[in-house]
Amino acid sequence: MKIKTLLITLIAGFSILVLQSVYAGSITCGTHIISDGGRHGPGAYELLKRCGEPTFRRGNTWIYQKGNKTYSIHFNDNGDITSIN
C-alpha cells in the first residue's frame, strides 16, 4: 500500500513539473508546442507554419491571442525566437 501511494505521489509531482515546463516560454498551437530559446530553436517560419499568422506584428515582436491568453513572441535579427511571454 505504501509503494502505491509513493508511486502516485511521484507521478503527480512529475506531471506538475512537465506541465510547468510546457507553459514556461512556450505556446501551444493545436498539437504543436513551440518553445523559445535553445541553440537550434524554432524561427519565424516554423511558428507561421504551426500557428498561422499572428494577431499583431510589431517589428521583431509578434502577438498571438489564443483564447483568453495573449502571447508575445520576440525574435532576433536572424528570425530565431528569443523569448515567449
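Please treat every number below as a calculation from the coordinates, not as lab data. From a predicted model like this one, the values you see are computed outputs, not experimental measurements. All Cβ positions, even for glycine, are placed from backbone atoms using ideal geometry, and neighbour counts span all protein chains on display.
Below, the figures for the structure above:
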quantity	calculated
Residue order, fewest to most beta carbons within 10 Å, for 53, 46	53, 46
Virtual paramagnetic centre 7 Å along Cα→Cβ of residue 74, amide N under 15 Å, in region 44-62	58-62
Sequence of 75, 56 once ranked by neighbouring C-beta atoms within 10 Å, starting from the fewest	56, 75
